[in-house]
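The values are calculated or read from the model by the stated rules, or taken from the named source; none is laboratory data. Note that the structure is predicted; figures quoted are calculated from it, not measured. No Cβ is skipped: glycine too gets one built from the backbone with ideal geometry, and neighbour counts run over all protein chains shown. Note: areas computed on protein heavy atoms with side chains; ligands, DNA, RNA excluded. Shrake-Rupley method; radii C 1.70, N 1.55, O 1.52, S 1.80 Å.
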Amino acid sequence: MMRVLDARALNRALLERQLLLRRSTMSAADAIEWLVGMQAQIPADPYVALWSRLENFRTDDLASLITDRKAVRMGLMRATIHLVTARDGLALRPVLQPALERTFQTASPFGRQLVGVDMERLLTIGRALVEERPRTSAELRPILHKRWPKRDRDSLVMAMSYLLPLVQVPPRGVWGASAQPRRTTLEAWLGRPLGKKRSPDAMIFRYLAAFGPATASDARTWSGLSGLAAVFERLRPLLRTFRDERGRELFDVPDGPLPDPDTPAPPRFLPVYDNVVLSHADRARIVRRFDPKRVGYLEGVNFGSVLIDGFVGATWTLEWKTKAASLRIALLDRVPRRDQVAVEEEGARLVAFIAADATSRDVIVGEPP
């Protein structure tokens, strides 16, 4: 009989592996690699995500990785912008290329707009343009549209975004800086070629180490890759297996930690987008009573979430006017007073991190609906 892991056991395993049960002494670069990249559509998100995971994290710890070309921001898992180390960018992009191509061709409106276009020529011209110098989408649109005047100019640019390994160059992604995304190819930015391995095996082991135990469907949700059931079957002799409360088979690396489900979990503030919430087909291990009307980030609303006793229990936004910063926390359920105090204290530390220059800082906790 396989061991059954309930939502709480899976929650504590996930928090342990995501460095959220206790802050780690890892370097920022090591943490980014351990987490197999970090969601980064919003440039500030990885800073908040690392602050919640690492001891004594400073914004310069990440900003310097980006400016020194040791970390890059590029389209990877789920065709979304991720922050990864330079070597992971080179290694992961070839593995994920089939998912990006499929998404462009079948799951986006852009591929349908370009049926009949010589895609190889488009990408060759596009590559030359961004390798000549990093360019914004606004700069690329008129150039490409002049060559394909009957085609949708946004779709021409999006073909490059999906199909070429483009990175957003600094100052984009640097804490405190503001800039439109300006892109070049990963190879041009790093001066190194992409990796040659396209097998997902090593990536799946890393996913399980950071997100497991998990199903093949979970791994597909995280990566965007199809055909992973066959990959898990091939890797089965090297993995251990469990079942969840619904009877689904869970795979795991042999040495993946499984903390006691009663292990205390301190409050943690997550950014608007964080892979700990987005990387499983079934989010019950991190979101209680799944209800997208109450958990707004699942609907694209621009606020972060707060883990209380390991599960999403509140949302947060930061209002910053001149030198005054106010953190507003909206509880989703009533919580014991001691938990609310712990959330307020952690929130005060978050405001001090984000709004270091503010002369006044407030933490305001709202009652649940």
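Rounded to the nearest whole Hz, the Karplus-based 3J(HN,Hα) values (6.51 cos²θ - 1.76 cosθ + 1.60, θ = phi - 60°) of the stretch 58-69 follow the sequence 10, 4, 5, 4, 8, 4, 5, 4, 6, 5, 8, 6, with x at glycine and proline.
Take Arg69 and Ser199, extend 7 Å from each Cα along the Cα→Cβ direction, and tell me the distance between the two endpoints in nm. Result for the modelled spin labels: 3.1 nm. Using θ = phi - 60° in the Karplus curve 6.51 cos²θ - 1.76 cosθ + 1.60, the 3J(HN,Hα) couplings for the stretch 109-122 round to x, 6, x, 5, 6, 10, 4, x, 6, 6, 5, 4, 5, 4 Hz; x is entered for Gly and Pro. Descending by average beta-carbon neighbour count within 10 Å, the peptides 135-148, 78-91 line up as 78-91, 135-148, the highest first.
Using only the Cα atoms of the stretch 64-218, build the gyration tensor, take square roots of its eigenvalues as a ≥ b ≥ c, and label the shape rounded, prolate or oblate: rounded if a/c is under 1.5, else prolate if a/b is larger than b/c, else oblate. Here the stretch 64-218 falls in the oblate category.
Assuming charge only on the beta carbon of Lys and Arg (+1) and of Asp and Glu (-1), the dipole of the chain about its Cα centre is about 1100 debye to the nearest 20.
Helix 201-211 and the long axis of the chain differ in direction by around 30°, with both axes built from C-alpha atoms. Round to the nearest 0.05 the FRET efficiency obtained for Arg141 and Glu345 when R0 = 41 Å and r is the Cβ-Cβ distance. Computed FRET efficiency for Arg141 and Glu345: 0.25.
Tell me the net charge near Leu76. Cut-off is 11 Å between Cβ atoms, Leu76 excluded, with +1 for each Lys or Arg and -1 for each Asp or Glu. Around Leu76, the charge tally is +2. Full extension of the chain between Leu123 and Ala281 yields a length gain of 53.6 nm, computed as 0.36 nm times the residue separation minus the alpha carbon distance. Taking a ≥ b ≥ c as the square roots of the eigenvalues of the Cα gyration tensor of the stretch 172-246, is the shape rounded (a/c under 1.5), prolate (a/b larger than b/c) or oblate? Prolate. Rounded, prolate or oblate: which one fits the stretch 208-277, using the alpha carbon gyration tensor with axes a ≥ b ≥ c (rounded when a/c is under 1.5, else prolate when a/b beats b/c, else oblate)? Verdict is oblate for the stretch 208-277. Taken per residue, the accessible surface of the stretch 1-140 reaches 41 Å², heavy atoms only and a 1.4 Å probe. The accessible surface of the chain, taken with every protein chain in place and a 1.4 Å probe, is 52 percent carbon and sulfur.
Residues in the stretch 158-170 carry Karplus couplings, in order, of 5, 4, 5, 4, 7, 9, 9, x, 8, 10, 8, 8, x Hz; the curve used is 6.51 cos²θ - 1.76 cosθ + 1.60 with θ = phi - 60°, and Gly or Pro positions show x. Close amide H pairs (under 5 Å, H built 1.01 Å from N) link Val365 with Ile329, residues at least 5 positions away or on another chain.
The per residue volume of the convex hull around the alpha-carbon atoms of the stretch 4-125 is 150 Å³.
A cut-off of 5 Å between modelled amide H atoms, ignoring neighbours fewer than 5 places along the same chain, links Ser305 with Leu270, Trp316.
Solvent exposure of the stretch 147-277 amounts to 45 Å² per residue of accessible area, where only protein heavy atoms count and the probe is 1.4 Å. Return the tail of the calculated pair distribution for the chain, meaning the percent of Cα-Cα pairs more than 28 Å apart. Counting every Cα pair in the chain, those more than 28 Å apart make up 48 percent. For the stretch 117-190, the orientation-averaged shadow of the C-alpha convex hull comes to 4.9 nm² (one quarter of the hull surface).
Model label points for Asn302 and Glu101, set 7 angstrom from Cα along the Cα-to-Cβ axis, are 3.6 nm apart.
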